[in-house]
Amino acid sequence: MTAVLAIVPLALLALGTPVFLVFLAAVTLTLVFVLPIPPLALHQVMFGGLDHYALLAIPFFVFAGELMGASGIASRLIAWVLALVGRMPGSLGVATVGASTAMGAISGSSVAAVGALGKTLYPRLVEGGYGRERAAGLIASSGAVDIVIPPSIAMILYGLAAEQSIPRLFMAGILPGLLIASMISVFIVLMATVKGIPVVGRFDVRKALSATKDAVAALFMPVFVLGGIYNGWFSPTEAGGFACLYAMIVARFVYRSMSWGDIVQAAGNAAMLSARIMVIVAAASIATWLLTTQGVPQAIVTWIEALDMSPVMFLLVVNMVLLGIGCLLDPTTAILVLAPLLVPIAVSLGVDPVHFGIVMTVNLAIGMFTPPFGLNIFVAQSVTGLPAHAIYRGIVPFLAVLVTALLIITYVPALSLALAPAI
(Lines give C-alpha, C1' and ligand atoms only; values in the text may rest on other atoms or scores of the structure.)
Protein backbone atom coordinates (compact mmCIF):
# COMPACT_ATOMS: atom_id res chain seq x y z
CA MET A 1 0.00 0.00 0.00
CA THR A 2 2.81 2.39 0.89
CA ALA A 3 4.43 1.93 -2.51
CA VAL A 4 1.18 2.60 -4.37
CA LEU A 5 0.29 5.68 -2.32
CA ALA A 6 3.81 7.10 -2.59
CA ILE A 7 5.12 6.15 -6.03
CA VAL A 8 1.93 6.51 -8.10
CA PRO A 9 1.13 10.11 -6.98
CA LEU A 10 4.74 11.24 -7.51
CA ALA A 11 4.82 9.70 -11.00
CA LEU A 12 1.49 11.24 -11.98
CA LEU A 13 2.46 14.67 -10.62
CA ALA A 14 5.68 14.51 -12.65
CA LEU A 15 3.57 13.84 -15.76
CA GLY A 16 1.46 16.92 -15.07
CA THR A 17 -1.71 15.05 -14.09
CA PRO A 18 -4.38 17.17 -12.34
CA VAL A 19 -4.14 16.86 -8.58
CA PHE A 20 -7.60 15.39 -8.04
CA LEU A 21 -6.89 12.62 -10.58
CA VAL A 22 -3.63 11.86 -8.77
CA PHE A 23 -5.54 11.11 -5.56
CA LEU A 24 -8.28 9.18 -7.33
CA ALA A 25 -5.82 7.00 -9.25
CA ALA A 26 -3.68 6.18 -6.21
CA VAL A 27 -6.63 5.30 -3.97
CA THR A 28 -8.46 3.34 -6.69
CA LEU A 29 -5.38 1.20 -7.39
CA THR A 30 -4.96 0.61 -3.66
CA LEU A 31 -8.58 -0.47 -3.18
CA VAL A 32 -8.61 -2.73 -6.26
CA PHE A 33 -5.23 -4.44 -5.94
CA VAL A 34 -4.02 -4.08 -2.35
CA LEU A 35 -6.77 -3.75 0.26
CA PRO A 36 -9.91 -5.89 0.64
CA ILE A 37 -12.18 -2.83 0.71
CA PRO A 38 -15.16 -2.62 -1.70
CA PRO A 39 -14.60 0.05 -4.38
CA LEU A 40 -18.12 1.23 -3.51
CA ALA A 41 -16.51 3.05 -0.57
CA LEU A 42 -14.78 5.35 -3.05
CA HIS A 43 -17.74 7.49 -4.02
CA GLN A 44 -19.28 7.27 -0.55
CA VAL A 45 -16.19 8.84 1.02
CA MET A 46 -15.93 11.40 -1.81
CA PHE A 47 -19.43 12.71 -1.29
CA GLY A 48 -19.05 12.42 2.47
CA GLY A 49 -15.99 14.64 2.26
CA LEU A 50 -18.14 17.42 0.79
CA ASP A 51 -20.92 17.01 3.33
CA HIS A 52 -19.70 19.76 5.66
CA TYR A 53 -21.61 22.94 6.40
CA ALA A 54 -18.39 24.97 6.72
CA LEU A 55 -17.51 24.26 3.07
CA LEU A 56 -20.46 26.40 1.96
CA ALA A 57 -18.43 29.44 2.99
CA ILE A 58 -15.96 28.84 0.15
CA PRO A 59 -18.25 29.50 -2.87
CA PHE A 60 -19.77 32.44 -0.98
CA PHE A 61 -16.42 34.16 -0.39
CA VAL A 62 -15.20 33.29 -3.89
CA PHE A 63 -18.32 34.89 -5.40
CA ALA A 64 -17.93 37.95 -3.18
CA GLY A 65 -14.31 38.27 -4.29
CA GLU A 66 -15.30 37.99 -7.96
CA LEU A 67 -17.90 40.73 -7.51
CA MET A 68 -15.53 43.06 -5.69
CA GLY A 69 -12.79 42.47 -8.24
CA ALA A 70 -15.00 42.97 -11.31
CA SER A 71 -16.54 46.15 -9.88
CA GLY A 72 -13.23 48.04 -9.88
CA ILE A 73 -12.44 47.64 -6.21
CA ALA A 74 -8.73 47.07 -6.90
CA SER A 75 -8.23 50.49 -8.48
CA ARG A 76 -10.13 52.20 -5.64
CA LEU A 77 -8.09 50.42 -2.98
CA ILE A 78 -4.83 51.27 -4.74
CA ALA A 79 -5.84 54.93 -4.98
CA TRP A 80 -6.82 54.92 -1.30
CA VAL A 81 -3.52 53.43 -0.10
CA LEU A 82 -1.48 55.71 -2.36
CA ALA A 83 -3.32 58.74 -0.98
CA LEU A 84 -2.41 57.67 2.58
CA VAL A 85 1.29 56.86 2.15
CA GLY A 86 2.08 60.29 0.68
CA ARG A 87 5.76 61.08 0.06
CA MET A 88 7.10 58.06 1.91
CA PRO A 89 10.14 56.49 0.19
CA GLY A 90 8.92 53.52 -1.80
CA SER A 91 5.34 54.78 -1.52
CA LEU A 92 4.21 53.00 -4.69
CA GLY A 93 5.63 49.68 -3.47
CA VAL A 94 4.09 50.16 -0.03
CA ALA A 95 0.78 50.95 -1.76
CA THR A 96 1.05 47.63 -3.61
CA VAL A 97 1.41 45.74 -0.31
CA GLY A 98 -1.37 47.76 1.32
CA ALA A 99 -3.76 47.18 -1.56
CA SER A 100 -2.98 43.46 -1.54
CA THR A 101 -3.68 43.31 2.22
CA ALA A 102 -6.97 45.14 1.76
CA MET A 103 -7.97 42.79 -1.06
CA GLY A 104 -7.09 39.82 1.14
CA ALA A 105 -9.52 41.11 3.75
CA ILE A 106 -12.20 41.07 1.05
CA SER A 107 -11.68 37.87 -0.91
CA GLY A 108 -8.78 35.87 0.56
CA SER A 109 -7.56 34.92 -2.93
CA SER A 110 -3.84 35.34 -3.56
CA VAL A 111 -4.13 34.62 -7.27
CA ALA A 112 -6.89 37.21 -7.73
CA ALA A 113 -4.82 39.85 -5.93
CA VAL A 114 -1.71 39.17 -8.02
CA GLY A 115 -3.74 39.34 -11.24
CA ALA A 116 -5.55 42.56 -10.32
CA LEU A 117 -2.49 44.34 -8.90
CA GLY A 118 -0.29 43.19 -11.75
CA LYS A 119 -2.54 44.68 -14.39
CA THR A 120 -2.94 47.96 -12.52
CA LEU A 121 0.38 48.56 -10.78
CA TYR A 122 3.10 46.75 -12.73
CA PRO A 123 3.46 49.45 -15.41
CA ARG A 124 3.51 52.18 -12.75
CA LEU A 125 6.12 50.33 -10.68
CA VAL A 126 8.38 49.96 -13.71
CA GLU A 127 7.97 53.63 -14.60
CA GLY A 128 8.58 54.55 -10.96
CA GLY A 129 12.11 53.09 -11.00
CA TYR A 130 11.57 49.64 -9.49
CA GLY A 131 12.69 47.78 -12.59
CA ARG A 132 10.83 44.96 -14.29
CA GLU A 133 12.21 42.09 -12.22
CA ARG A 134 11.83 43.83 -8.87
CA ALA A 135 8.30 45.02 -9.71
CA ALA A 136 7.20 41.52 -10.76
CA GLY A 137 8.76 40.01 -7.62
CA LEU A 138 6.95 42.52 -5.41
CA ILE A 139 3.57 41.81 -7.01
CA ALA A 140 4.00 38.03 -6.84
CA SER A 141 5.19 38.04 -3.21
CA SER A 142 2.70 40.59 -1.83
CA GLY A 143 -0.12 38.21 -2.78
CA ALA A 144 1.05 35.92 0.03
CA VAL A 145 -0.60 38.25 2.55
CA ASP A 146 -4.04 37.47 1.11
CA ILE A 147 -3.94 33.84 2.29
CA VAL A 148 -3.12 34.81 5.88
CA ILE A 149 -5.40 37.83 6.37
CA PRO A 150 -8.97 36.71 7.21
CA PRO A 151 -11.36 35.76 5.78
CA SER A 152 -9.06 33.07 4.39
CA ILE A 153 -10.23 30.10 2.34
CA ALA A 154 -7.10 28.21 3.40
CA MET A 155 -8.04 28.67 7.07
CA ILE A 156 -11.58 27.45 6.43
CA LEU A 157 -10.15 24.27 4.93
CA TYR A 158 -7.66 23.87 7.78
CA GLY A 159 -10.45 24.31 10.32
CA LEU A 160 -12.39 21.56 8.56
CA ALA A 161 -9.41 19.19 8.22
CA ALA A 162 -8.08 19.75 11.75
CA GLU A 163 -11.49 20.18 13.42
CA GLN A 164 -10.61 23.63 14.76
CA SER A 165 -12.69 26.76 15.26
CA ILE A 166 -12.75 28.82 12.07
CA PRO A 167 -13.53 32.13 13.86
CA ARG A 168 -10.57 31.49 16.17
CA LEU A 169 -8.34 30.80 13.16
CA PHE A 170 -9.50 34.04 11.56
CA MET A 171 -8.62 35.96 14.71
CA ALA A 172 -5.24 34.23 14.90
CA GLY A 173 -4.38 35.27 11.35
CA ILE A 174 -4.78 39.03 11.86
CA LEU A 175 -1.49 39.87 13.59
CA PRO A 176 0.68 37.48 11.52
CA GLY A 177 -0.84 38.89 8.34
CA LEU A 178 -0.14 42.45 9.45
CA LEU A 179 3.40 41.45 10.47
CA ILE A 180 4.09 40.08 6.98
CA ALA A 181 2.67 43.21 5.32
CA SER A 182 4.69 45.46 7.65
CA MET A 183 7.97 43.61 7.09
CA ILE A 184 7.57 43.74 3.30
CA SER A 185 6.73 47.46 3.54
CA VAL A 186 9.77 48.22 5.72
CA PHE A 187 12.00 46.33 3.28
CA ILE A 188 10.57 48.33 0.37
CA VAL A 189 11.19 51.64 2.17
CA LEU A 190 14.81 50.64 2.90
CA MET A 191 15.32 49.37 -0.63
CA ALA A 192 13.87 52.56 -2.13
CA THR A 193 16.15 54.66 0.06
CA VAL A 194 19.28 52.68 -0.81
CA LYS A 195 18.49 52.35 -4.53
CA GLY A 196 17.39 55.97 -4.85
CA ILE A 197 13.95 55.08 -6.24
CA PRO A 198 12.08 58.37 -6.87
CA VAL A 199 9.21 59.27 -4.52
CA VAL A 200 5.86 59.12 -6.29
CA GLY A 201 3.08 61.51 -5.31
CA ARG A 202 2.63 63.54 -2.17
CA PHE A 203 0.24 63.53 0.76
CA ASP A 204 -2.79 65.76 0.31
CA VAL A 205 -5.55 65.82 2.93
CA ARG A 206 -8.31 66.54 0.43
CA LYS A 207 -7.09 63.81 -1.91
CA ALA A 208 -6.86 61.35 0.98
CA LEU A 209 -10.41 62.17 2.13
CA SER A 210 -11.72 61.84 -1.42
CA ALA A 211 -10.01 58.47 -1.91
CA THR A 212 -11.33 57.25 1.44
CA LYS A 213 -14.87 58.31 0.50
CA ASP A 214 -14.54 56.47 -2.82
CA ALA A 215 -13.29 53.26 -1.17
CA VAL A 216 -15.32 53.32 2.05
CA ALA A 217 -17.99 50.91 0.78
CA ALA A 218 -15.32 48.30 -0.01
CA LEU A 219 -13.44 48.88 3.24
CA PHE A 220 -16.55 48.30 5.34
CA MET A 221 -17.05 44.82 3.92
CA PRO A 222 -14.39 43.07 6.05
CA VAL A 223 -15.52 45.15 9.04
CA PHE A 224 -19.08 43.87 8.74
CA VAL A 225 -18.10 40.29 7.86
CA LEU A 226 -15.42 39.76 10.52
CA GLY A 227 -17.25 41.87 13.11
CA GLY A 228 -20.37 39.77 12.59
CA ILE A 229 -18.43 36.53 13.06
CA TYR A 230 -16.57 37.64 16.18
CA ASN A 231 -19.68 39.15 17.78
CA GLY A 232 -21.65 35.96 17.20
CA TRP A 233 -24.15 37.50 14.81
CA PHE A 234 -23.55 34.80 12.22
CA SER A 235 -21.30 31.83 11.46
CA PRO A 236 -18.46 31.98 8.91
CA THR A 237 -20.73 30.30 6.36
CA GLU A 238 -23.53 32.79 6.95
CA ALA A 239 -20.94 35.58 6.82
CA GLY A 240 -19.99 34.39 3.33
CA GLY A 241 -23.61 34.73 2.23
CA PHE A 242 -23.76 38.22 3.74
CA ALA A 243 -20.52 39.11 1.92
CA CYS A 244 -22.09 38.10 -1.41
CA LEU A 245 -25.18 40.23 -0.77
CA TYR A 246 -23.09 43.20 0.37
CA ALA A 247 -20.73 42.92 -2.62
CA MET A 248 -23.67 42.70 -5.02
CA ILE A 249 -25.29 45.83 -3.58
CA VAL A 250 -22.00 47.75 -3.71
CA ALA A 251 -21.21 46.65 -7.27
CA ARG A 252 -24.70 47.27 -8.68
CA PHE A 253 -26.06 50.24 -6.72
CA VAL A 254 -23.13 52.05 -5.02
CA TYR A 255 -20.39 52.00 -7.66
CA ARG A 256 -22.81 51.15 -10.50
CA SER A 257 -19.96 49.44 -12.31
CA MET A 258 -21.71 46.10 -12.97
CA SER A 259 -24.89 45.22 -14.77
CA TRP A 260 -27.01 42.24 -13.82
CA GLY A 261 -25.40 40.40 -16.74
CA ASP A 262 -21.95 41.14 -15.31
CA ILE A 263 -23.08 39.79 -11.93
CA VAL A 264 -24.31 36.58 -13.58
CA GLN A 265 -20.95 36.25 -15.36
CA ALA A 266 -19.12 36.75 -12.04
CA ALA A 267 -21.33 34.03 -10.55
CA GLY A 268 -20.30 31.69 -13.37
CA ASN A 269 -16.61 32.43 -12.79
CA ALA A 270 -17.06 31.84 -9.06
CA ALA A 271 -18.86 28.57 -9.73
CA MET A 272 -15.99 27.31 -11.89
CA LEU A 273 -13.37 28.22 -9.30
CA SER A 274 -15.45 26.75 -6.46
CA ALA A 275 -15.90 23.54 -8.44
CA ARG A 276 -12.12 23.23 -8.88
CA ILE A 277 -11.66 23.62 -5.13
CA MET A 278 -14.44 21.19 -4.25
CA VAL A 279 -13.26 18.43 -6.56
CA ILE A 280 -9.85 18.62 -4.87
CA VAL A 281 -11.57 18.50 -1.46
CA ALA A 282 -13.52 15.39 -2.49
CA ALA A 283 -10.46 13.62 -3.91
CA ALA A 284 -8.23 14.56 -0.97
CA SER A 285 -10.83 13.28 1.49
CA ILE A 286 -10.43 9.81 -0.02
CA ALA A 287 -6.67 9.80 0.47
CA THR A 288 -7.06 11.12 4.02
CA TRP A 289 -9.70 8.49 4.83
CA LEU A 290 -7.55 5.66 3.49
CA LEU A 291 -4.47 6.79 5.39
CA THR A 292 -6.48 7.20 8.60
CA THR A 293 -8.23 3.83 8.39
CA GLN A 294 -4.87 2.12 7.82
CA GLY A 295 -3.36 3.78 10.90
CA VAL A 296 -0.78 5.91 9.07
CA PRO A 297 -1.24 9.06 11.21
CA GLN A 298 -0.95 7.04 14.39
CA ALA A 299 2.19 5.32 13.09
CA ILE A 300 3.76 8.67 12.21
CA VAL A 301 2.93 10.07 15.66
CA THR A 302 4.51 7.01 17.30
CA TRP A 303 7.61 7.36 15.13
CA ILE A 304 8.01 11.07 15.91
CA GLU A 305 7.53 10.43 19.63
CA ALA A 306 10.20 7.71 19.48
CA LEU A 307 12.63 10.27 18.05
CA ASP A 308 12.03 12.38 21.17
CA MET A 309 11.91 15.51 19.00
CA SER A 310 11.43 18.83 20.76
CA PRO A 311 8.65 21.21 19.63
CA VAL A 312 11.31 23.63 18.34
CA MET A 313 12.94 21.00 16.16
CA PHE A 314 9.58 19.62 15.00
CA LEU A 315 8.39 23.05 13.86
CA LEU A 316 11.69 23.63 12.07
CA VAL A 317 11.32 20.33 10.19
CA VAL A 318 7.69 21.12 9.38
CA ASN A 319 8.68 24.50 7.97
CA MET A 320 11.33 22.96 5.75
CA VAL A 321 8.94 20.29 4.47
CA LEU A 322 6.03 22.67 3.89
CA LEU A 323 8.17 25.23 2.08
CA GLY A 324 9.16 22.49 -0.34
CA ILE A 325 5.65 21.11 -0.74
CA GLY A 326 4.15 24.59 -1.04
CA CYS A 327 5.93 25.30 -4.32
CA LEU A 328 4.61 22.01 -5.78
CA LEU A 329 1.02 21.88 -4.50
CA ASP A 330 -1.61 24.55 -4.05
CA PRO A 331 -2.61 25.39 -0.43
CA THR A 332 -5.99 23.64 -0.78
CA THR A 333 -4.43 20.27 -1.60
CA ALA A 334 -1.54 20.58 0.86
CA ILE A 335 -3.78 21.50 3.80
CA LEU A 336 -6.36 18.80 3.17
CA VAL A 337 -3.71 16.07 2.87
CA LEU A 338 -1.15 17.17 5.46
CA ALA A 339 -3.22 18.73 8.24
CA PRO A 340 -4.79 15.41 9.40
CA LEU A 341 -1.28 13.89 9.51
CA LEU A 342 0.63 16.74 11.16
CA VAL A 343 -1.87 18.19 13.64
CA PRO A 344 -1.94 15.11 15.94
CA ILE A 345 1.87 15.22 16.11
CA ALA A 346 1.86 18.95 16.89
CA VAL A 347 -0.73 18.50 19.63
CA SER A 348 1.21 15.59 21.15
CA LEU A 349 4.24 17.93 21.42
CA GLY A 350 2.21 20.66 23.08
CA VAL A 351 1.83 22.96 20.05
CA ASP A 352 -1.51 24.78 19.95
CA PRO A 353 -3.41 23.51 16.85
CA VAL A 354 -4.60 27.02 15.95
CA HIS A 355 -1.04 28.38 16.09
CA PHE A 356 0.05 25.38 14.02
CA GLY A 357 -2.66 26.22 11.49
CA ILE A 358 -1.23 29.72 11.08
CA VAL A 359 2.27 28.25 10.65
CA MET A 360 0.96 25.91 7.95
CA THR A 361 -0.92 28.72 6.22
CA VAL A 362 2.10 31.06 6.16
CA ASN A 363 4.33 28.29 4.82
CA LEU A 364 1.94 27.53 1.99
CA ALA A 365 1.44 31.23 1.31
CA ILE A 366 5.21 31.51 0.76
CA GLY A 367 5.04 28.45 -1.46
CA MET A 368 2.63 30.34 -3.73
CA PHE A 369 5.54 32.45 -5.02
CA THR A 370 8.46 30.06 -4.47
CA PRO A 371 10.27 28.85 -7.63
CA PRO A 372 9.90 26.79 -9.66
CA PHE A 373 6.16 26.04 -9.51
CA GLY A 374 4.63 28.71 -7.25
CA LEU A 375 1.24 29.59 -8.76
CA ASN A 376 1.67 33.34 -8.21
CA ILE A 377 4.76 33.23 -10.42
CA PHE A 378 2.73 32.01 -13.39
CA VAL A 379 0.01 34.60 -12.76
CA ALA A 380 2.65 37.35 -12.56
CA GLN A 381 4.22 36.00 -15.74
CA SER A 382 0.90 36.21 -17.59
CA VAL A 383 0.25 39.84 -16.58
CA THR A 384 3.82 41.14 -16.91
CA GLY A 385 5.03 39.18 -19.94
CA LEU A 386 8.40 38.50 -18.26
CA PRO A 387 10.12 35.10 -18.53
CA ALA A 388 9.96 32.98 -15.39
CA HIS A 389 13.70 33.21 -14.66
CA ALA A 390 13.47 37.02 -14.54
CA ILE A 391 10.63 36.83 -12.03
CA TYR A 392 12.67 34.35 -9.96
CA ARG A 393 15.43 36.95 -9.57
CA GLY A 394 12.94 39.59 -8.50
CA ILE A 395 11.38 37.28 -5.92
CA VAL A 396 14.57 36.30 -4.04
CA PRO A 397 14.81 39.33 -1.67
CA PHE A 398 11.11 39.17 -0.82
CA LEU A 399 11.40 35.43 -0.20
CA ALA A 400 14.08 36.16 2.41
CA VAL A 401 11.78 38.69 4.11
CA LEU A 402 8.85 36.24 4.20
CA VAL A 403 10.97 33.38 5.57
CA THR A 404 12.16 35.69 8.35
CA ALA A 405 8.53 36.56 9.13
CA LEU A 406 7.70 32.82 9.12
CA LEU A 407 10.36 32.11 11.75
CA ILE A 408 8.98 34.89 13.97
CA ILE A 409 5.43 33.59 13.60
CA THR A 410 6.58 30.01 14.24
CA TYR A 411 8.56 30.65 17.42
CA VAL A 412 6.47 33.48 18.89
CA PRO A 413 3.10 31.74 19.27
CA ALA A 414 1.75 34.70 21.24
CA LEU A 415 1.63 36.60 17.96
CA SER A 416 -1.03 34.20 16.69
CA LEU A 417 -2.76 33.49 19.99
CA ALA A 418 -2.93 37.03 21.40
CA LEU A 419 -6.28 37.65 19.68
CA ALA A 420 -7.28 33.98 19.76
CA PRO A 421 -6.24 32.66 23.20
CA ALA A 422 -6.37 28.94 23.87
CA ILE A 423 -9.74 27.80 25.19
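The values are calculated or read from the model by the stated rules, or taken from the named source; none is laboratory data. It should be emphasised that the depicted structure is a prediction, and the values quoted were computed from it without experimental measurement. Glycine also receives a Cβ, built like all others from the backbone with ideal geometry; neighbour counts cover every protein chain displayed.
A few notes on this one:
- Considering residues of the stretch 150-165 that are part of a helix (DSSP H, G or I) and in contact with a Ser or Thr (Cβ under 8 Å, 6 or more places away or on another chain) only, the residue surrounded by the most Cβ atoms within 10 Å (Cβ to Cβ): M155
- Scanning the stretch 313-337 for residues that are under 23 Å from A420 (Cα atoms), surrounded by 22 or more Cβ atoms within 10 Å (Cβ to Cβ) and of a type in the set (A, V, I, L, M, F, W, C) yields I335, L336.
- Among residues of the stretch 35-54, those that are surrounded by fewer than 14 Cβ atoms within 10 Å (Cβ to Cβ) and modelled with pLDDT under 70, counted: 1
- Within the stretch 368-409, the set of residues being touching a residue at least 60 places away in the same chain (Cβ under 8 Å) and either among the acidic types (D, E) or part of a loop (DSSP other than H, G, I, E, B) (or both) comprises M368, F369, G374, L386.
- Of the residues contained in the stretch 169-183, one or more are found to be crowded, with 22+ Cβ neighbours inside 10 Å and among the β-branched types (V, I, T).
- In the stretch 245-285, residue farthest from the chain's Cα centre (by Cα) [restricted to those that are over 23 Å from F220 (Cα atoms) and loosely packed, with under 13 Cβ neighbours inside 10 Å]: G261
- When the helices (runs of 4 or more DSSP H) confined to the stretch 39-103 are screened for residues that are farther than 21 Å from A154 by Cβ, those reaching at least 3 such residues are found at 40-50, 73-85.
- Residues being touching a Ser or Thr at 6+ places or on another chain (Cβ under 7 Å) and not β-branched (V, I, T) - total across the stretch 265-294: 2
- A search for C-beta distances below 6 Å between a residue of the stretch 59-77 that is more than 30 Å from K207 (Cβ to Cβ) and any residue that is in a helix (DSSP H, G or I) and polar (S, T, N, Q), counting only pairs 6+ apart in sequence or on different chains, returns P59/S274; V62/S274.
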